[in-house]
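*Asks:* Attaching a single structure in structure tokens format; questions to follow.
The values are calculated or read from the model by the stated rules, or taken from the named source; none is laboratory data. Just so you know, these numbers come straight off a predicted model, no measurement behind them. A quick note on method: Cβ atoms are made from the backbone with ideal geometry, for glycine too, and the neighbour counts reach across all protein chains shown. Protein only, heavy atoms only, side chains kept; ligands, DNA and RNA dropped before computing areas. Shrake-Rupley method; radii C 1.70, N 1.55, O 1.52, S 1.80 Å.
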Amino acid sequence: GERERITRIVDAPSEGKDMRRDERDLLWQATVFKGGFDLQAAEAVLVPQQGTHSVLDTLQRLRDHSLLSIIPGALHGRTRVAMLASVAAYAEEQFPDADLDAVRARHGQCFAARAQATVSRDGPGWAAWCSDRGWPLRQPP
């Protein structure tokens, strides 16, 4: 089934196409995104291991392993990256005690900055909408 396919890709070498440590690490980090993300968010949140390929290169390799989908222009003209829920669950299960605090902090900073930019652009009505949901934002100056 799906779980066996994911296990084979992530854990078992096959014809020289086994996942590298940096690919596993970025896959694990990407689990902080729920419902997909764009490349700008990926660059802001995901941090490749020092001395390895860029975030984009690693995401492309994860796509080559069929662990991610990369859809050009799908999100308001921006490229969207999606991970199947089964892949995310497997990655989270493999690293249950891993420290995602720094990744979560970058994720929060990234989307708080986006929300703030939207408030600045679209006005205080948007800030009230966020505040009603427990996401307080500063009003634009």
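*Asks:* On the given criteria, is E2 of a type in the set (D, E) and modelled with pLDDT under 90?
*Replies:* Taking the combined requirement at face value, the residue satisfies it.
*Asks:* With the structure loaded, tell me whether A102 is open to solvent by 40 Å² or more (accessible area, probe 1.4 Å), at pLDDT 75 or above and not in a loop (DSSP other than H, G, I, E, B) or whether it fails that test.
*Replies:* Yes: the conditions hold for A102.
*Asks:* Another question, then. Determine which single condition L68 fails, assuming it passes every other condition in (1) modelled with pLDDT under 85; (2) open to solvent by less than 50 Å² (accessible area, probe 1.4 Å); (3) under 15 Å from the mean Cα position of the chain (by Cα).
*Replies:* All conditions are met except number (1).
*Asks:* Quick one: in the range 22-55, of everything that is over 19 Å from V87 (Cβ atoms) and crowded, with 16+ Cβ neighbours inside 10 Å, which residue is modelled with the highest pLDDT?
*Replies:* Across the range 22-55, the extreme among qualifying residues is A44.
*Asks:* Would you pick out the residues in the range 93-111 that are in contact (Cβ under 8 Å) with a residue 40 or more places away in the chain and under 13 Å from the mean Cα position of the chain (by Cα)?
*Replies:* Scanning the range 93-111 gives L100, V103, R104, R106, H107, C110, F111.
*Asks:* Can you pull out the residues in the range 57-99 that are under 13 Å from G36 (Cα atoms) and in a helix (DSSP H, G or I)?
*Replies:* Correct list: L59, A85, V87, A88.
*Asks:* Would you mind stating whether R63 is within 17 Å of A88 (Cβ to Cβ), open to solvent by 70 Å² or more (accessible area, probe 1.4 Å) and modelled with pLDDT of 85 or more?
*Replies:* yes
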